[in-house]
Amino acid sequence: PVLPIVPGVPERRSHDYVRAATTTLFAALEVATGKVIGSLRRRHRAAEFKQFLTKLDREVPAGLQVHLILDNYATHKTPAIKQWLLTHPRFHLHFTPTSSSWLNLVERWFAELTNKKLKRGVHRSVQALERDIRTWLTDWNTNPRPFVWTKTADEILNKVAAYCQRISDSGH
């Protein structure tokens, strides 16, 4: 468990903290509504990703094209996945550039999950962690809300350009 917060002292855990295990959450965010389709798996291999794609294929209405924004993880590019995509032409994969996952709005949803449900939580087992994630997912989808960019694309690009100019002139 996390130790009690004391003013001026950073978050701490007891000396006997042991990480029980991890789980993988595959998630797809419908940007128009904020609805999330999620799937928990104990491993993060192409087989589990393919199961998630199959779940999406079942849950997304048949007449819709499915555009997935993904990171460049090798799991997303295996021959098994490429073969699956050939037989499911409505699926289109788009990959974010390295270190640009922040461009993917589902990452914002992951931050909500982390900050509002998992951070400072105590999960004594993977089952407890997965139960909390499933509860969060169900609660979120009861009243989904889309994320809205608060800046225009030009404002974002200008800020990135100014940052790049600053660091390139820094003498490093």
Extension gain Lys77-Asn141, at 0.36 nm per residue separation less the Cα-Cα distance, in nm? 20.1 nm
Can you send over the solvent-accessible area of Ser168, 1.4 Å probe, protein chains only, in Å² to the nearest 10? 80 Å²
Positive-pole candidate from His44, Ser168, Pro10, dipole of the chain, charges at beta carbon: His44
Set Lys and Arg Cβ to +1 and Asp and Glu Cβ to -1, take the dipole of the stretch 85-139 about its Cα centre, and tell me which of Val106, Thr135, Phe91 lies farthest positive. Thr135
Which one, (i) 14.6; (ii) 32.6; (iii) 12.0, gives mean projected area of the Cα convex hull in nm² as derived from the coordinates shown? (i)
Where the accessible area of the chain is counted over protein heavy atoms with a 1.4 Å probe, how much of it, in %, is carbon and sulfur? 56 percent
For every other residue with a beta carbon closer than 10 angstrom to the beta carbon of Thr23, add +1 if it is Lys or Arg and -1 if Asp or Glu, then tell me the sum. +2
Could you sort Lys77, Lys119 by accessible area so the largest value comes first, with the probe set to 1.4 Å? Lys119, Lys77
Using DSSP to call loops (not H, G, I, E or B), can you name the chymotrypsin sites (Phe, Trp or Tyr not before Pro) in the stretch 31-130 whose Cβ has at most 15 other Cβ atoms within 10 angstrom? Tyr73
Mind jotting down the distance between the C-alpha centroids of the stretch 22-92 and the stretch 130-172, whole Å? 21 Å
Would the stretch 32-98 count as rounded, prolate or oblate if I go by the C-alpha gyration tensor, calling it rounded below 1.5 in a/c and otherwise prolate when a/b exceeds b/c, oblate otherwise? rounded
Using the crude model of +1 on Lys and Arg Cβ and -1 on Asp and Glu Cβ, and no other charge, please compute the dipole size for the stretch 53-172 relative to its Cα centre, in debye to 20. 360 debye
Relative contact order [Cα under 8 Å, 6+ residues apart], the chain, whole percent: 25 percent
Computed, not fitted: 222 nm per-residue ellipticity of the chain from DSSP H runs ≥ 4 (each -39500 (n - 2.57)), nearest 500, equal to -11500 deg cm²/dmol
Between Glu11 and Ile167, what is the spin-label point distance in nm, taking each point 7 Å from the Cα along the Cα→C-beta axis? 2.5 nm
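The values are calculated or read from the model by the stated rules, or taken from the named source; none is laboratory data. Quick caveat: nothing in here was measured; it's all calculated off a predicted structure. Glycine also receives a Cβ, built like all others from the backbone with ideal geometry; neighbour counts cover every protein chain displayed. Please note that ligands, DNA and RNA were not included when accessible areas were found on the heavy atoms of the full protein model with its side chains. Shrake-Rupley method; radii C 1.70, N 1.55, O 1.52, S 1.80 Å.
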